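First comes the structure, then the notes that go with it.
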Amino acid sequence: MSQSNASQHLTILRERGIVTTRRVKNNVFYSLRSQKIVQAVDLLREFLAEDLADHAALDGAIRG
């Protein structure tokens, strides 16, 4: 991912209130506003892994 692309994404996340920023000299540090965001992403990842496994099992059953 290019720096400009990452910057655009971080700007959107900041505008939506998902991340906060802290500036130290020339550096900007980003932090998630809430641990609940991490939990939500973990749940989504778990769901997608299960869904992928279900589709793979179904594909295996169909192909015999």
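The values are calculated or read from the model by the stated rules, or taken from the named source; none is laboratory data. Fair warning: this is a prediction, and the values are worked out from it, not measured in the lab. Glycine gets a Cβ as well: all are built from the backbone with ideal geometry, and neighbour counts include every protein chain shown. The area values use the complete protein model at the heavy-atom level, side chains included, leaving out ligands, DNA and RNA. Shrake-Rupley method; radii C 1.70, N 1.55, O 1.52, S 1.80 Å.
Miscellaneous remarks
- Amide H contacts under 5 Å for Arg33: Val19, Thr20, restricted to partners 5 or more places along the chain or on a different chain, H placed in the peptide plane at 1.01 Å from N.
- Computed with a 1.4 Å probe over protein heavy atoms only, the accessible surface of the chain comes to 91 Å² per residue.
- Net +/- balance of residues flanking Phe29 in space, Cβ distance below 13 Å, scoring K and R +1, D and E -1: +4
- Relative intensity of the chain on a log10 scale, I(q)/I(0) at q = 0.15, 0.21, 0.26, 0.28 Å⁻¹, equals -0.67, -0.91, -1.08, -1.13, per a Debye sum over C-alpha point scatterers of equal strength in the absence of solvent.
- Share of carbon and sulfur in the accessible heavy-atom surface of the chain [1.4 Å probe, %]: 55
- Computed [θ] at 222 nm, deg cm²/dmol, the chain (DSSP H ≥ 4; -39,500 (n - 2.57); rounded to nearest 500): -22500 deg cm²/dmol
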